[in-house]
1. Hey, Ala98 hits all of (1) at pLDDT 95 or above; (2) closer than 17 Å to Gly33 by Cβ; (3) of a type in the set (A, V, I, L, M) but one; which does it fall short on?
2. Has region 1-10 got at least one residue that is modelled with pLDDT of 95 or more, among the charged types (D, E, K, R) and either in contact with a helix residue (DSSP H, G or I) (Cβ under 9 Å, 6 or more places away or on another chain) or surrounded by 19 or more Cβ atoms within 10 Å (Cβ to Cβ) (or both)?
3. Look through Met63, Met108 and report the one residue that is without any contact (Cβ under 8 Å) to a residue 60 or more places away in the chain, crowded, with 17+ Cβ neighbours inside 10 Å and of a type in the set (A, V, I, L, M).
4. Considering only residues that are hydrophobic (A, V, I, L, M, F, W, C) and touching a Phe, Trp or Tyr at 6+ places or on another chain (Cβ under 8 Å), look in region 109-158 and name the one that is modelled with the lowest pLDDT.
5. Condition first: without any contact (Cβ under 8 Å) to a residue 60 or more places away in the chain and farther than 25 Å from Asp86 by Cα. Now tell me which residues in region 20-37 satisfy that.
6. From (1) out of contact with any Phe, Trp or Tyr (no Cβ under 8 Å at 6 or more places or on another chain); (2) modelled with pLDDT of 90 or more, pick out the condition that doesn't hold for Gly58.
Amino acid sequence: MSFNLDIPGREPLELAGIICDMNGTLTVDGQLGPETAESLRQVAVIMKIYVMTADTFGTARQMFSDLPVELVGIPKGSSGASAKRDFLRKLGKKEHAAIGNGYNDHLMLAEAVLGICVLGGEGAHALTMAAADLIVKNPPDALNLFLKPQRLLAGLRN
């Protein structure tokens, strides 16, 4: 499974997966919308999806139990920003996109080969917006970039 895209004026994207923040990015107020769940199912056919979370609301395991994603916990007491960046480095920052919205996502988005910031219902931190390659209004828009690659081309071409 992989996602490949030739982008005029840039290096081609050759992605093995996506690392997504959970709270505020995929969920709003701890709830996963049905459109986001469906987009996760469709994108998971193309590439691996990791969902990183400190599980603020304690709902992650149940919420994602029937979805084809791998939950990755942020260790208690650790810096979420560093933990996400380090996980990206472990997987390979040239082969993974990152999707986030909060302060603790800015390092991950800055280092990922493709960083996408979701404004969403909870807003987005200015550092994360500045670190992103693209900014979208909601989680399905972020995920659907991989299902409709012409949208990625429009935003990334030189």
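The values are calculated or read from the model by the stated rules, or taken from the named source; none is laboratory data. Please read these numbers as outputs of a predicted model, since none were measured by experiment. Cβ placement follows ideal geometry from the backbone for every residue including glycine, while neighbour counts extend to all protein chains displayed.
1. Looking at each condition in turn, Ala98 falls short on (2).
2. No, there is no match, as no residue in region 1-10 is modelled with pLDDT of 95 or more, among the charged types (D, E, K, R) and either in contact with a helix residue (DSSP H, G or I) (Cβ under 9 Å, 6 or more places away or on another chain) or surrounded by 19 or more Cβ atoms within 10 Å (Cβ to Cβ) (or both).
3. On the way: Met108 fails: without any contact (Cβ under 8 Å) to a residue 60 or more places away in the chain.
Within the list Met63, Met108, the selection yields Met63.
4. The initial filter retains those residues of region 109-158 that are hydrophobic (A, V, I, L, M, F, W, C), namely 109-110, 112-114, 116-119, 124, 126-127, 129-132, 134-136, 142-143, 145-147, 152-154, 156.
From what's left, touching a Phe, Trp or Tyr at 6+ places or on another chain (Cβ under 8 Å): 127, 146, 152.
Working: Leu127: 97, Phe146: 96, Leu152: 92.
If we take residues in region 109-158 being hydrophobic (A, V, I, L, M, F, W, C) and touching a Phe, Trp or Tyr at 6+ places or on another chain (Cβ under 8 Å), then Leu152 is modelled with the lowest pLDDT.
5. Gln31, Leu32, Pro34, Ala37
6. (2)
Matching residues to (1) farther than 19 Å from Leu40 by Cα; (2) hydroxyl-bearing (Ser, Thr, Tyr); (3) touching a Ser or Thr at 6+ places or on another chain (Cβ under 8 Å); (4) touching a residue at least 24 places away in the same chain (Cβ under 8 Å):
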{"position": "Pro75", "(1), (2), (3), (4)": "yes, no, no, no"}
{"position": "Ala81", "(1), (2), (3), (4)": "yes, no, no, yes"}
{"position": "Lys90", "(1), (2), (3), (4)": "yes, no, no, no"}
{"position": "Asn104", "(1), (2), (3), (4)": "yes, no, yes, yes"}
{"position": "Gly121", "(1), (2), (3), (4)": "no, no, no, yes"}
{"position": "Ala126", "(1), (2), (3), (4)": "yes, no, no, no"}
{"position": "Phe146", "(1), (2), (3), (4)": "no, no, no, yes"}
{"position": "Arg157", "(1), (2), (3), (4)": "yes, no, no, yes"}
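One line per residue, one yes/no per condition, for (1) β-branched (Val, Ile, Thr); (2) out of contact with any strand residue (DSSP E or B) (no Cβ under 6 Å at 6 or more places or on another chain):
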site: Thr27; (1), (2): yes, yes
site: Tyr50; (1), (2): no, no
site: Ala54; (1), (2): no, yes
site: Thr59; (1), (2): yes, yes
